[in-house]
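Undergrad: Okay, handing you the structure first.
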Amino acid sequence: MSTLFDLTREAPAAPAAAGPRPRYRVAGLDISLTGTGVATLGGTTCIRTKGRRADSIPNRRARQKHIINTALTEIGTVDLACVEGPSHASMAQAGHHDLSGLWWCLVGALVDRDIPVAVIPPMSRAKYATGKGNSRKAAVLDAAQKRYGAILPNDNEADALILRAMGLDWLGVPLTEVPDGHRAALAGVQWPDREAVASR
């Protein structure tokens, strides 16, 4: 199994051939301190938390643990977890340090459970949803609702749904067909070993 430090890129899988379609358990995860979006076969949800700049370290850690434990419960046992990668454009924002810690703790917990992890850059997520890598979250939300017929209350859940859809598409069982220009976004993702996912 390749590790998170393997920076090779796999080509997208060919569309599935006719015949029985394998059933993969794929989760999408948009990690956030204020609203972590999770998408699974059972639907989408958002883990809401609030914090203050003056919070103590134990309080900040308790907040992280709540998000991690709730997300892991929502995800359960899956064949692939598709996680949105860090947004380097927001590194100067308040809370970035805590968010980085949360990201690594949650991804580490997935790895410790032997769940293969795909890291999807924000621009790849946007491109898969809308065809444009610089699309804003509102455009991704609108595209996700229209393409998948989903009722999504916020952009966190929309992002998670798109991440899950990308993982299923990479495995050859897309939620629905998307234009080739959108699907090209799969090439920019850090995917795990495909055989490790397919053999679970």
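Every number in this text was worked out from the coordinates using simple rules, so none of it is lab data. Computed from a prediction, not measured in an experiment: that's the story for all the values here. As a convention, Cβ positions derive from the backbone with ideal geometry for all residues, glycine included, and neighbour counts pool all protein chains shown.
Undergrad: Looking at the chain, send over the antiparallel percent of its DSSP beta bridges, to the nearest 5.
TA: On the way: 10 of 18 bridges.
Bridges in the chain that DSSP calls antiparallel: roughly 55 percent.
Undergrad: When THR49, THR44 are ordered from fewest to most other Cβ atoms inside 10 Å of their Cβ, what list results?
TA: Numbers: THR49 16, THR44 24.
If I rank by nearby Cβ atoms, fewest first, I get THR49, THR44.
Undergrad: Taking the beta-carbon count within 10 Å as an exposure proxy, list HIS66, HIS96 from fewest neighbours to most.
TA: On the way: HIS66 12, HIS96 15.
Fewest-to-most Cβ neighbours within 10 Å comes out as HIS66, HIS96.
Undergrad: Using a 10 angstrom cutoff on alpha carbons, build the Gaussian network for the chain and name the most mobile of PRO174, PRO116, PRO58.
TA: PRO58
Undergrad: Could you work out how much longer the chain between ASN69 and ARG48 gets when fully extended? Use 0.36 nm per residue separation minus the Cα distance between them, nm to one decimal.
TA: On the way: separation 21, 0.36 × 21 = 7.56 nm, distance 1.29 nm.
Stretched out fully, the ASN69 to ARG48 stretch lengthens by 6.3 nm.
Undergrad: While we're on this one: Using amide H atoms built in the peptide plane, which far-off residues or other-chain residues are under 5 Å from ILE120 H to H?
TA: HN-HN under 5 Å from ILE120: VAL83, GLU84, GLY85.
Undergrad: Further question: Short version: ³J(HN,Hα) in whole Hz for each residue of the range 111-128, in order, from phi by Karplus 6.51 cos²θ - 1.76 cosθ + 1.60 (θ = phi - 60°), x for Gly and Pro, what are they?
TA: 4, 5, 8, 6, 8, x, 10, 10, 9, 10, x, x, 5, 5, 4, 5, 5, 5
Undergrad: Same structure, new question: If each residue's Cβ is checked for other Cβ atoms within 10 Å, how do LYS137, LYS65, LYS50 rank with the fewest at the top? Intermediate values should be presented prior to the final figure.
TA: On the way: LYS137 17, LYS65 12, LYS50 8.
So the ranking, lowest neighbour count to highest, is LYS50, LYS65, LYS137.
Undergrad: At a Cα cut-off below 29 Å, give the lysines reachable from LYS50, other chains included and same-chain residues fewer than 8 away excluded.
TA: Cα-Cα hits under 29 Å: LYS65, LYS137.
Undergrad: Shifting gears a bit: Could you pull out every one of the aspartates and glutamates with an alpha carbon less than 12 Å from that of LYS127, ignoring same-chain neighbours closer than 8 positions?
TA: Qualifying aspartates and glutamates at Cα under 12 Å: ASP159, ASP180.
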